[in-house]
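Quick note: the coordinates plus some simple rules give every number you see, no bench work behind them. Note that the structure is a prediction, hence the values are computed from the model and not measured. We place every Cβ from the backbone using ideal geometry, glycine too, and count neighbours over all the protein chains shown.
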Amino acid sequence: MAVTAHRLPENPIITPKDVPALHPGWEVICAFNAAAVRYGDETLLLLRVAERPPKAEPQPDEQEIDLSGEAPALKPADPRLAEHYIPIPMLETSARGPRVVVRYIRRDTEGVDTSDTRLVTKGRHTYLTSISSARLARSNDGVHFTVEREPALRPTEPLEGYGIEDPRITQIDDTFYINYTAVSEHGISTALASTRDFRRYEKHGVIFCPENRDVAIFPAKIGGRYRALHRPVPKLIGGPSVWFASSDNLRAWGEHRFCFGSCPGTWDGSRIGGGAVPFRTERGWLEIYHGVNADGQYALGGILLDLEEPWKPIARSPEPILKPEEPFETEGFFGNVVFTCGGVIDGDRLRVYYGAADAVTGAADFSIQEILGSLRPER
């Protein structure tokens, strides 16, 4: 059975122009990879919003990250060399409290790689040219959204020093748990926060250490325990695969099991990771995940997991249910990408909200029965 993706005619439904900048003079460059949930009569999206500081002359109190030696050091920036600097935003924690500051890196430092506009690297040191927070967007119809100016979650902790990315929302009873990627000089980890009203938030710290992301917490206890999918990244043996974990308190996770990996030569043959929060169907837990093919194209598919033993895959998509085809998906900050962190169910309709080209937010409607009918048994 083929799966039809009904893209909303209003796509993209949120762009950087729809998001007010948090810092004066800064540029919002991305508004994407949103968690999604129904709350009362509203559809809420929790967006990853990336902002970039202007390429301006360094101020007297701003500093240069000196990468000329093995260990990075700070020294006063030279305003006379403004055109030779790349501004780097990051969190600074001190007795005055956490605040975002701008540091500078000299373009002409030997060994510095600036070929990817998102990054500045030298050896094992990597810095981001933007910093992300999580902004809430509200809608009465699930199509037209208003983005709040103040972040719901902003970087405040040392392990969030380079930003907060790619949130997912799981409702359990009357609490909404938000797991998100926390990026810092120490790596890419996953942290947890919670809210009951989407106005007050409590952070609970890191729950999966680096490098681990694409965490999706199941919306109910299974066998008396909380369950989650996560995606560790091995460095020596093996490739990125989706794993399964259990917890008694949502903070400490164990009982790790391999769940599923990529399928060489297919649409998800090079890389995979979790996407939206899994939801229960009569046949099993359905997870909409992302895969990357040999050409670097990010697409979406489904995998069905056993109801009682969700670490056991039953069937998965032989072909993607959504792949980059529209210009806003193929061209952008990082083109040829569709990537989801959340969806909303209404009867048989699954509305998937997805990031496109790492820049904007789109939405597409699917029939759940069509997706289930398209899956092929796992070998």
Binning at 5 Å from 0, report for the range 14-113 what percent of all alpha-carbon pair distances ends up in each bin. 2, 11, 16, 17, 16, 13, 10, 6, 4, 3, 1, 0
Surrounding net charge for Y104, when Lys and Arg each add one and Asp and Glu each subtract one, Cβ distance under 13 Å: -2
Burial-style ranking of 186-193, 255-262, average other-beta-carbon count within 10 Å with highest first, yields 186-193, 255-262
At what distance in angstrom do the alpha carbon centres of the range 29-60 and the range 289-362 lie from each other? 20 Å
Give me the number: length gained by fully extending K221 to Q59, i.e. 0.36 nm times residue separation minus the C-alpha to C-alpha distance, one decimal in nm. 53.1 nm
Compute log10 of I(q)/I(0) for the chain with the Debye formula, placing one identical point scatterer on every Cα and leaving out solvent, at q = 0.07, 0.11, 0.12, 0.15 Å⁻¹, to two decimals. -0.31, -0.76, -0.91, -1.39
Computed, not fitted: 222 nm per-residue ellipticity of the chain from DSSP H runs ≥ 4 (each -39500 (n - 2.57)), nearest 500, equal to -500 deg cm²/dmol
Between R80 and K17, what's the calculated FRET efficiency when r is the beta-carbon distance and R0 is 51 Å? Round to 0.05. 0.90
Under 16 Å from the S68 label point (7 Å along Cα→beta-carbon), backbone N, the range 102-140: 104-112
If I model a spin label as a point 7 Å beyond the Cα along the Cα-Cβ vector, how far apart are those points for E282 and T330 in nm? 3.9 nm
Determine the sum of side-chain charges near R196: Lys and Arg each +1, Asp and Glu each -1, restricted to other residues whose C-beta is under 10 angstrom from that of R196. -2
Using 0.36 nm per residue, how much length does the chain from S94 to Y39 gain when fully extended, once their Cα-Cα distance is taken away? 16.2 nm
Once you put a point 7 Å from the Cα of E211 and another 7 Å from the Cα of D306, both along the Cβ direction, what distance in nm separates them? 3.1 nm
Under a crude label model (7 Å from the Cα following the beta-carbon direction), how far is D348 from I172 in nanometres? 3.3 nm
So how do 26-36, 140-150 stack up, highest first, on mean other-Cβ count within 10 Å? 26-36, 140-150
Label zone at L8, where the point sits 7 Å out along the Cα-to-Cβ direction: the range 143-164 residues whose backbone N lies under 11 Å: 143-146
Within the set of other residues whose C-beta is less than 13 Å from the C-beta of G142, count the net charge using Lys and Arg as +1 and Asp and Glu as -1. -2
Residues E326, E202, E160 in order from fewest to most other beta-carbon atoms within 10 Å are E202, E326, E160
